[in-house]
Each structure stands twice: as structure tokens, then as C-alpha cells.
Amino acid sequence: MTKPPFPLAYSTEVRAALDARRPVVALESTIITHGMPWPDNLEMAREVEAIIRAEGAVPATIAVIDGCLHIGLEEETLEVLAKTTEALKVSRADLAFAVAAGKTGATTVAATMIAAELAGIGVFATGGIGGVHHGAEKDFDISADLEELARTPVIVVSAGAKAILDIPKTLEVLETRGVPVVTYGADELPAFWSRRSGLESPLRLDDPADIARFHNTRAAMGIGGGMLVANPVPEEHEIPREEMNGHIGRALDRAREEGIAGKAVTPFLLNEILAITEGRSLATNIALVHNNARLAARIAGSLNE
Ligand code: PSU
Ligand code: MN
């Protein structure tokens with residue numbers, strides 16, 4: 001194999017699976033370093049990997065460690081990453097910066113999609129994507145995740161856009177940029193912690209194999225870009241929308257009072273909501289990531305057929 005032009009490392013398990021064309025699911029690392037507190041973050045990361053293996057696929061957690069882009073993390077590395085408070089949160093703009101400068105960077109949805117495509121991995125599981133923030137008409141805070149979905153051909157399995165976002169505006173941007181939004185098994189788009197958003201899903205599919213077929217058909221027709229799959233959190237773990245709306249409102253007020261901006265907004269809001277709900281939001285977040293990992297593994301199983 002030719003040497004890559006920058007530091008790149010595959011875990012043994014991922015390399016073997018890719019070579020044998022067995023199903024692989026990419027996983028992001030910002031959710032580990034910036035999305036959940038220690039030690040729940042490590043436990044979540046391990047469980048998600050175990051769920052993917054139990055479904056017959058191989059997990060590829062993606063991160064930049066000391067300037068090397070890792071596709072799949074060995075166990076010890078995952079633990080070091082979960083413990084660090086130093087990791088950068090890297091997106092399209094700064095993924096290469098972390099590599100060039102020898103830094104440790106956790107990959108967002110956007111950066112994970114880039115790495116997945118580079119590795120030839122077609123599907124990726126996360127919690128929620130970034131999107132259009134409330135008040136974006138004033139501060140232009142729109143996540144680079146949306147742009148990435150428009151350009152990079154990877155299926156992103158999420159529980160919808162995080163409910164801290166302006167979901168109608170997020171849907172509008174996705175539509176403008178030609179990103180299919182497919183809700184799995186429901187007509188209504190989910191809203192992360194809640195099964196309902198009050199918005200009809202643009203598309204619906206009920207079978208992982210149909211999602212894979214849709215993705216492959218887009219590629220065959222030369223239609224570029226990725227796809228967002230929204231997978232509603234299981235009912236027993238959801239926090240109903242009416243209740244979440246109150247918590248989210250309070251968290252948004254705090255962010256405004258404290259002048260939180262830029263990359264810090266999403267981690268701040270998640271942390272605030274964790275405190276307000278006394279940990280319930282975290283339990284739901286973990287449950288929905290598990291659920292997404294399972295679906296992503298099933299889609300991955302059909303992608304190469
Ligand atoms: N989903 C979660 N928790 C998270 C994130 C997603 O359940 O922490 C992260 C993802 O990495 C996503 C990022 O790409 O938040 C969005 O950040 P921003 O809004 O700054 O683009
Ligand atoms: Mn932002």
C-alpha cells in the first residue's frame with residue numbers, strides 16, 4: 001500500500017473489515033469529548049461499539065490523536081480521548097489544522113463525514129447533527145454539518161437535529177442544499193430527546209435495506225452528497241416535547257446572558273440541559289445513540305450488496 005500523504009492510522013479491526021468489504025460504521029468523537037461528561041462518555045463510546053459489533057458490523061470511531069487521523073480507535077486510545085479536556089473540536093475548517101499542528105482533535109459530524117468518505121465508509125452513527133441555531137438570522141450561527149451533508153456522500157444516522165436548534169430553519173437549509181431527510185419508521189420528524197417535533201418528515205422509510213438502496217441509487221444517478229436519517233428515540237427513553245421545550249428555553253436564556261458564541265454554543269447548551277434535567281437528558285442522549293448505532297449497522301449491512 002502506498003504511504004498516505006499525512007499521518008493516518010486504521011485500527012486492526014477496521015482495516016481488516018474494509019479489506020474484506022465487511023460492513024463498517026463510522027462514529028464521531030466530539031460527542032465523547034464535548035457532548036457528555038466523564039465517565040459516562042467512555043461508557044457510552046464502548047457500548048456503542050459493542051452494539052455495532054453485535055449487529056455484525058465493525059465500529060470505526062474517528063479522531064485526530066497527536067496529529068494522526070485515526071479511523072477506528074484501539075481501546076486504550078479511546079479511554080485517553082474520553083479523559084482529555086484538551087481536545088479541539090474539529091470540523092471541516094480545522095480538521096487538517098489539527099493534523100498539521102500535531103494536535104488532538106475530536107471530530108464533529110462534518111469532520112467525521114470527511115474522514116469516513118476518505119476511508120470508504122458509507123454510514124455513520126451519531127446523536128444529533130448540528131444545524132441552524134435560534135437567532136441565526138442575526139448571528140449567522142449555522143453548523144458546518146449541514147454544508148457537509150450537502151457535499152459528502154455518507155449516510156448520517158441521527159435522532160434528528162438537536163432540539164436546541166431551530167428545526168424548521170434547519171429543515172429548510174437541508175432542502176435548499178439538496179439533502180434528503182429520511183425518518184425511519186415514522187411520518188413525523190423526531191426532535192432528539194423527543195419522538196415528535198410537530199413537523200412532517202420530508203421522506204420516510206421503514207427498512208434499513210431501503211435506506212441503503214436509496215443511497216446507492218443517488219450515487220448511481222450521479223447525485224452527490226449525503227443523507228440524513230432521523231431515527232426516533234425509543235418511547236421508553238424519550239422526554240416529551242412539551243417538557244423539553246421549557247428546559248431548552250431556560251438553557252437558551254442562560255447562553256444569551258453569558259454571551260456564549262461560536263463552537264462553545266452546542267456544548268454549553270447540552271451541559272446546561274443536563275443540569276436542568278438532573279441527568280435525564282443524558283440518559284436519553286445515550287439511549288438514542290445506542291438506537292442509532294443499531295440502525296446504522298443494519299444499513300451498513302445492506303450497503304455493499
Ligand atoms: N450530537 C450529540 N452530542 C454532540 C454533538 C452531536 O448528541 O455533542 C456534536 C456533533 O459533533 C455535532 C456538533 O457535529 O455537536 C455540532 O456542533 P456545532 O453546532 O458547533 O456545529
Ligand atoms: Mn455554530
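For the listed peptides 172-178, 69-75, 156-162, a ranking on the average number of other beta carbons within 10 Å per residue, highest first, reads 156-162, 69-75, 172-178. By the combined test of axial Cα extent (at least 20 Å) and Kyte-Doolittle hydropathy (mean at least 1.6), none of the DSSP H helices of the chain qualifies. Would you mind pulling out the separation of the Cα centroids of segment 19-87 and segment 146-220, in Å? If we compute the Cα centre of each part, the gap is 23 Å. Computed extension gain for Arg177 through Glu235, at 0.36 nm per residue and net of the alpha carbon distance, reaches 17.8 nm.
Summary value for the chain: 19 percent relative contact order, contacts being C-alpha pairs under 8 angstrom separated by 6+ residues.
Taking every alpha-carbon pair under 8 Å whose residues sit at least 6 apart, segment 170-305 reaches a relative contact order of 29 percent.
With N counted as the residues of segment 207-305, its alpha-carbon radius of gyration over 2.2 N^0.38 Å works out to 1.41.
Using DSSP, restrict attention to beta bridges with both residues in the chain and report what percent are antiparallel, rounded to the nearest 5. Bridges in the chain are about 30 percent antiparallel. Accessible surface calculations at 1.4 Å, restricted to protein heavy atoms, place the chain at 43 Å² per residue. Both radii come from the Cα set of segment 125-305: Rg as radius of gyration, Rh as Kirkwood radius; their ratio Rg/Rh reads 0.97.
Sorting 39-52, 279-292 by average packing, meaning the other beta carbons within 10 Å per residue, from highest down gives 279-292, 39-52.
Over all directions, the projected convex hull of the C-alpha atoms in the chain averages 14.7 nm² in area.
Pairs of lysine residues in the chain that meet both criteria, 8 or more places apart or on different chains and Cα atoms under 29 Å apart, total 17. Between the beta carbons of Ala54 and Glu75, assuming R0 = 22 Å, the FRET efficiency works out to 0.85 to the nearest 0.05.
The values are calculated or read from the model by the stated rules, or taken from the named source; none is laboratory data. Since this is a predicted model, take the numbers as computed values, not measurements. Cβ atoms come from the backbone with ideal geometry, glycine included; neighbour counts cover every protein chain shown. Surface areas here come from the heavy atoms of the whole protein model, side chains and all, with no ligands, DNA or RNA. Shrake-Rupley method; radii C 1.70, N 1.55, O 1.52, S 1.80 Å.
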